[in-house]
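Report on the structure given below.
The values are calculated or read from the model by the stated rules, or taken from the named source; none is laboratory data. From a predicted model like this one, the values you see are computed outputs, not experimental measurements. Ideal geometry is used to build each Cβ from the backbone, glycine not excepted, and the neighbour counts take in all protein chains shown.
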Amino acid sequence: MNLAEFVEGRRDQHLAELCDFLRIPSVSAKSEHKPDIERGARWVADNLRAAGFKTVEIVPTNLHPLVYAESLEAPGKPTILFYGHYDVQPPEPLDLWTSPAFEPTVRNGNLFGRGTADDKGQVHIHLKAFESLQKANGKLPVNVKVLIEGEEEVGSVSLWDFVQRNKEKLRADALLVSDTSMLGKGVPSITYGLRGLNYYQIELTGPARDLHSGVYGGAVPNPLTILAELFAKLHDKNFRVTVPGFYDQVATVSNAERKALNALPWKKKDFEKAVGAPGYFGEKGFTTVERLWIRPTFELNGIWGGYQGEGAKTVIPSKAYAKFSTRLVPNQNPQKIAKLVEKHIRKLLPKTVHCKFEVLSTGKPWVAPYHAPIFQKAQAALEKGFGKKAVFIREGGSIPFVTQMHDTFNVPCVLLGFGLPDENAHAPDEHIALENYFGGIKAVAHFYADLATL
Ligand code: BES
Ligand code: MN
Ligand code: MN
């Protein structure tokens, strides 16, 4: 049987298998899901074996296992490392899902469920491409190494150590990742830049214990009020981050590149529809695309403290908490930025509260030229899968491994994204368009085949 028959003739089977994968609630953030994470790793390992990989290992780490596989049966051909993640974001709030997060369901040409777009659906595209190539030709056209981790959504904490201790094992001529988005529907895209991410948490303590707000109110510091005042000071009127030195290392993006990015078929209407806010704003002097892809940000991700239950409770809380993050762009240094942020926050806080400041994870931004021949091959393969020429984009999200790989081996990193920006990654009703899932298998199978002549 030839490749096209395998890719086209097995749609139902491929989809059914993806649904099996999606039913495993492999949520990396919550320890109660540890058994599901292990099941997720085993599912990936079994599927790689079924796709013809003879060397498949589940590697334990301090947190969640990663899956490594290799098929090195194409002497003289390039070696490609494929990376993805089998862990998913927590599904909450559950009541906002139209169909349950871990019961994958097809509606209107989309497959709904946690992990459909980020990243199980995209990982599965490659698994099925490998299987199709193996079944059609008896072996893979290039040497392939596969690394699928279970900690991406919690910052890939164990990965750096694994990479440093297994450099020879991971060495490859190029990295291939499908964990990003297309610019829009019908626009196949190759991503050449990602933002980095630092994630922080603070705990403010005022009074040593919760207090009656009538008995004590007016004469004691309220950590919640202080928290609100603090974050109100972190942007100026032009929506620039007020942390001194925050922008010092930001690389200037050339006029030519800004022009190219702004000329992409990016649709403001689609963006606004996906967001659904009553209005929009951002850093003065930059377009929306620039704000999303080439500018750093400071975002509050959660604040809590005090009473949140039903009815009223007159209390001055002892503590107030916040989770927040900075998205970073070249050439900001995550460690340096973390120090600047802590210093500024401590300076802004009054002496009336104690502040515990934690950096939960750091990650570097990434941008790389795309003139190596592999990028033309990628463009050609996407054209075979989608019938359209692919565009080169940058994106605002972060994938720690891409930078780690780039810094360690300095090889081309090819990011072929098959998600769409409005597919609700990390949110209720996450989905993937079936045409992109199937188009992805076709494009990726062609890509691996074409790489034999790289
Ligand atoms: N797949 C995303 C990253 C992404 C999404 C890149 C869309 C480009 C476009 C990944 O799973 C993710 O969510 N990463 C986290 C970072 C991590 C350190 C928690 C992110 O970007 O918040
Ligand atoms: Mn992802
Ligand atoms: Mn994600």
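Answer yes if at least one residue in the stretch 75-88 is in contact (Cβ under 8 Å) with a residue 24 or more places away in the chain, over 22 Å from residue 135 (Cβ atoms), assigned to a loop (DSSP other than H, G, I, E, B) and not β-branched (Val, Ile, Thr), and no otherwise. Yes, some residue in the stretch 75-88 is in contact (Cβ under 8 Å) with a residue 24 or more places away in the chain, over 22 Å from residue 135 (Cβ atoms), assigned to a loop (DSSP other than H, G, I, E, B) and not β-branched (Val, Ile, Thr).
Select from the stretch 382-415 the residues that are away from ligand 3 (no atom under 16 Å from the Cβ) and of a type in the set (Asp, Glu) and write down the one among them that is surrounded by the fewest Cβ atoms within 10 Å (Cβ to Cβ). Step through it out loud before you land on a result.
As a first pass, look at the stretch 382-415 and keep what is away from ligand 3 (no atom under 16 Å from the Cβ): 382-394, 404-414.
Still in the list and also of a type in the set (Asp, Glu): 383, 407.
On the way: 383: 15, 407: 12.
Per the criteria, the residue is 407.
Of everything in the stretch 142-171 that is more than 22 Å from the chain's Cα centre (by Cα) and crowded, with 19+ Cβ neighbours inside 10 Å, the residue that is farthest from residue 26 (Cα to Cα) is 142. Give the stretch 141-194 a look and list any residue that's under 17 Å from residue 366 (Cα atoms), small (Gly, Ala, Ser) and more than 14 Å from ligand 1 (Cβ to nearest atom), or say none. If the condition is that a residue be under 17 Å from residue 366 (Cα atoms), small (Gly, Ala, Ser) and more than 14 Å from ligand 1 (Cβ to nearest atom), then 174 is the only one that fits.
For the stretch 421-437, which residues satisfy the criterion of being among the hydrophobic types (A, V, I, L, M, F, W, C) and within 14 Å of ligand 3 (Cβ to nearest atom)?
425, 427, 432
Residues that are buried (at least 22 other Cβ atoms within 10 Å of the Cβ) and not small (Gly, Ala, Ser) occur at least once in the stretch 204-213.
For every residue, the table says whether it meets (1) among the acidic types (Asp, Glu); (2) assigned to a strand (DSSP E or B); (3) touching a residue at least 60 places away in the same chain (Cβ under 8 Å).
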| residue | (1), (2), (3) |
| --- | --- |
| 190 | no, yes, yes |
| 207 | no, no, yes |
| 217 | no, no, yes |
| 220 | no, no, yes |
| 230 | no, no, yes |
| 245 | no, no, yes |
| 249 | no, no, yes |
| 252 | no, no, no |
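Pairs linking a residue in the stretch 27-41 that is without any contact (Cβ under 8 Å) to a residue 24 or more places away in the chain to a residue that is hydroxyl-bearing (Ser, Thr, Tyr), with Cβ atoms under 7 Å and 6 or more positions apart or on different chains, are 33/26; 36/26.
Table: residues versus (1) crowded, with 16+ Cβ neighbours inside 10 Å; (2) over 25 Å from the mean Cα position of the chain (by Cα).
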{"position": "268", "(1), (2)": "no, no"}
{"position": "278", "(1), (2)": "no, yes"}
{"position": "318", "(1), (2)": "yes, yes"}
{"position": "334", "(1), (2)": "yes, no"}
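Scanning the stretch 34-62 for residues that are crowded, with 18+ Cβ neighbours inside 10 Å and either in a helix (DSSP H, G or I) or under 21 Å from the mean Cα position of the chain (by Cα) (or both) turns up 36, 37, 40, 41, 43, 44, 45, 47, 48.
Among the candidates 420, 434, the residue that is closer than 21 Å to residue 89 by Cβ, within 21 Å of the chain's Cα centre (by Cα) and hydrophobic (A, V, I, L, M, F, W, C) is uniquely 420.
Output the residue which, of all residues in the stretch 104-119 that are away from ligand 1 (no atom under 11 Å from the Cβ) and buried (at least 24 other Cβ atoms within 10 Å of the Cβ), is nearest to residue 426 (Cα to Cα). Looking at the filtered set, the residue picked out is 114. The residues on offer are 307, 280, and the sole one that is touching a strand residue (DSSP E or B) at 6+ places or on another chain (Cβ under 6 Å) and either free of Cβ contacts under 8 Å to residues at least 12 places away in the same chain or more than 26 Å from residue 243 (Cβ to Cβ) (or both) is 307.
Tell me, please, whether a residue that is among the aromatic types (Phe, Trp, Tyr), surrounded by fewer than 18 Cβ atoms within 10 Å (Cβ to Cβ) and more than 14 Å from ligand 2 (Cβ to nearest atom) can be found in the stretch 125-133. No; the residues of the stretch 125-133 include none that is among the aromatic types (Phe, Trp, Tyr), surrounded by fewer than 18 Cβ atoms within 10 Å (Cβ to Cβ) and more than 14 Å from ligand 2 (Cβ to nearest atom). Residue count for the stretch 280-304 under the criterion of being surrounded by fewer than 18 Cβ atoms within 10 Å (Cβ to Cβ) and closer than 18 Å to residue 201 by Cα: the result is 6. Consider the stretch 16-33 and keep the residues that are surrounded by 18 or more Cβ atoms within 10 Å (Cβ to Cβ) and assigned to a helix (DSSP H, G or I). The one that is farthest from the chain's Cα centre (by Cα) is 17.
Within the stretch 347-363, residues that are surrounded by fewer than 16 Cβ atoms within 10 Å (Cβ to Cβ) and at pLDDT below 95 have Cβ atoms under 8 Å from residues that are aromatic (Phe, Trp, Tyr) and in a strand (DSSP E or B) in these pairs: 360/199; 360/200, counting only partners at least 6 apart in sequence or on another chain.
Here is a yes/no grid of residues against (1) at pLDDT 95 or above; (2) not in a helix (DSSP H, G or I):
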site: 380; (1), (2): yes, no
site: 393; (1), (2): yes, yes
site: 403; (1), (2): no, no
site: 416; (1), (2): yes, yes
site: 432; (1), (2): yes, yes
site: 450; (1), (2): yes, no
